[in-house]
Number of protein chains: 2
Amino acid sequence: MTVKRDPAQDDCSIQRTLDVIGDRWTLLILRDVFRGVRRFSQIQSDLGIAKNLLTDRLAALVASGVVEKVPYQDRPVRHEYRLTDKGRALSPALVALMRWGDEWCGDGDAPTELVHTPCDTRLELQPWCVVCNEPVAPTSISSRPGPGRHLDQETAHAAT
Amino acid sequence: MTVKRDPAQDDCSIQRTLDVIGDRWTLLILRDVFRGVRRFSQIQSDLGIAKNLLTDRLAALVASGVVEKVPYQDRPVRHEYRLTDKGRALSPALVALMRWGDEWCGDGDAPTELVHTPCDTRLELQPWCVVCNEPVAPTSISSRPGPGRHLDQETAHAAT
DNA sequence: GGGGTTGGTTGCGAATCGCAACCGACCCCT
DNA sequence: AGGGGTCGGTTGCGATTCGCAACCAACCCC
């Protein structure tokens with residue numbers, strides 16, 4: 001699962017993220033868990049993933065603290081996989097990926113839309129600057145070295 | 001690249017998204033392109049990816065319209081890979097994944113932080129409801145079948 | 001002509017995947 | 001007690017994909 005990489009790349013959060021969830025199945029598994037599909041056999045039949053792979057992926061997710069395995073009944077003991085706080089924090093990323101698929105990969109119509117429950121409006125996801133109180137266009141994002149280490153260049157995030 | 005899947009899953013935008021970018025290298029390549037690393041050899045040495053794989057991935061990205069190959073000089077003709085609108089639209093997703101890695105996968109300190117250029121503040125990414133004008137917690141997101149087809153259930157997106 | 005750079009292609013061994021078969025713990029039913 | 005079913009796996013094996021190294025072709029400059 002881990003990609004052999006240039007040591008300089010250890011500093012990239014996207015790299016670190018993909019080490020955890022950057023596998024062909026893992027995000028789909030997490031999508032299921034978000035949707036309430038939490039049991040081994042449910043996920044397996046929903047995704048059509050091979051059981052050995054599902055075993056591996058779930059174990060890796062538990063090991064990295066994204067989901068936890070909790071019993072939901074005794075006699076017989078059965079477990080389900082639940083999101084931890086770390087896992088729940090992936091929600092924005094999943095929403096963003098889903099919205100992108102809606103808009104750019106489908107026939108234009110969203111097969112499922114996300115709704116902000118309190119006001120019942122369809123949810124868009126956009127970077128939002130709380131200071132300026134406005135949406136953030138890719139072209140007005142730049143990056144700079146953060147508190148974590150190293151000599152990086154200041155680079156535009158999305159110049160053309 | 002394409003996962004064999006239950007026909008019912010064709011309707012999932014996350015599935016469709018992952019068919020395009022859900023590979024171990026593709027998002028890293030796109031991260032580089034966002035950062036301004038756009039030439040074959042630059043990407044190759046930056047990521048340490050094998051050249052044949054990079055060739056494949058770039059061709060796939062061009063085929064799916066996420067990046068385009070444009071000449072940046074004649075004599076000799078050299079090309080670079082640039083984001084299309086479709087590719088630029090992935091920005092929120094990349095930002096979300098990066099922020100998650102910052103917060104949950106590192107030593108706590110972001111190696112690189114994203115900045116909203118106009119106001120020079122660090123960028124957070126959160127689903128934001130434009131109607132309520134407030135951030136959206138995972139627990140107040142639900143999903144419903146959209147205009148695109150099929151019989152889905154109304155399910156909570158992130159009930160614990 | 002020689003050497004360098006860019007952007008590839010080809011071939012091959014090694015790792016990973018997908019599928020099918022099997023398993024063991026536990027339940028219920030007769 | 002025995003038979004059958006479900007859940008959550010494990011094991012083994014052929015097929016696919018990956019990673020690496022070697023080679024290559026076009027073009028530049030000296």
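The values are calculated or read from the model by the stated rules, or taken from the named source; none is laboratory data. What you see is a predicted model; the values in this text were computed from it and never measured. We place every Cβ from the backbone using ideal geometry, glycine too, and count neighbours over all the protein chains shown. Protein only, heavy atoms only, side chains kept; ligands, DNA and RNA dropped before computing areas. Shrake-Rupley method; radii C 1.70, N 1.55, O 1.52, S 1.80 Å.
Residues of the stretch B:29-60 that are more than 20 Å from A:GLY22 (Cβ to Cβ) and within 14 Å of chain A (Cβ to nearest Cβ): B:GLY36, B:ARG38, B:GLN42, B:SER45. Just for the stretch B:30-78: of the residues that are in contact (Cβ under 8 Å) with a residue 60 or more places away in the chain and of a type in the set (A, V, I, L, M, F, W, C), which one is nearest to DNA strand C (Cβ to nearest atom)? In this case the residue turns out to be B:LEU30.
So that you can scan it fast, the table gives a plain yes or no per residue for (1) more than 7 Å from chain A (Cβ to nearest Cβ); (2) modelled with pLDDT of 95 or more; (3) within 21 Å of A:LEU94 (Cα to Cα):
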{"residue": "B:VAL66", "(1), (2), (3)": "yes, yes, yes"}
{"residue": "B:PRO71", "(1), (2), (3)": "yes, no, no"}
{"residue": "B:LEU90", "(1), (2), (3)": "no, no, yes"}
{"residue": "B:GLU103", "(1), (2), (3)": "no, no, yes"}
{"residue": "B:GLY108", "(1), (2), (3)": "yes, no, no"}
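Look at (1) of a type in the set (D, E, K, R); (2) over 15 Å from A:TRP25 (Cα atoms); (3) not in a helix (DSSP H, G or I) and you find that B:ARG57 fails only one, number (3). Among the residues making up the stretch A:22-48, those that are outside any helix (DSSP H, G or I) and either farther than 21 Å from A:VAL77 by Cα or under 13 Å from the mean Cα position of the chain (by Cα) (or both) are A:GLY22, A:ASP23, A:ARG24, A:TRP25, A:GLY48. Applying the selection to the stretch A:61-87, what residues are more than 11 Å from DNA strand D (Cβ to nearest atom), open to solvent by 40 Å² or more (accessible area, probe 1.4 Å) and part of a helix (DSSP H, G or I)? A:ALA63, A:ASP85 - these are the residues of the stretch A:61-87 that are more than 11 Å from DNA strand D (Cβ to nearest atom), open to solvent by 40 Å² or more (accessible area, probe 1.4 Å) and part of a helix (DSSP H, G or I). The requirement of being at pLDDT 95 or above and more than 14 Å from DNA strand D (Cβ to nearest atom) is not satisfied by A:SER41.
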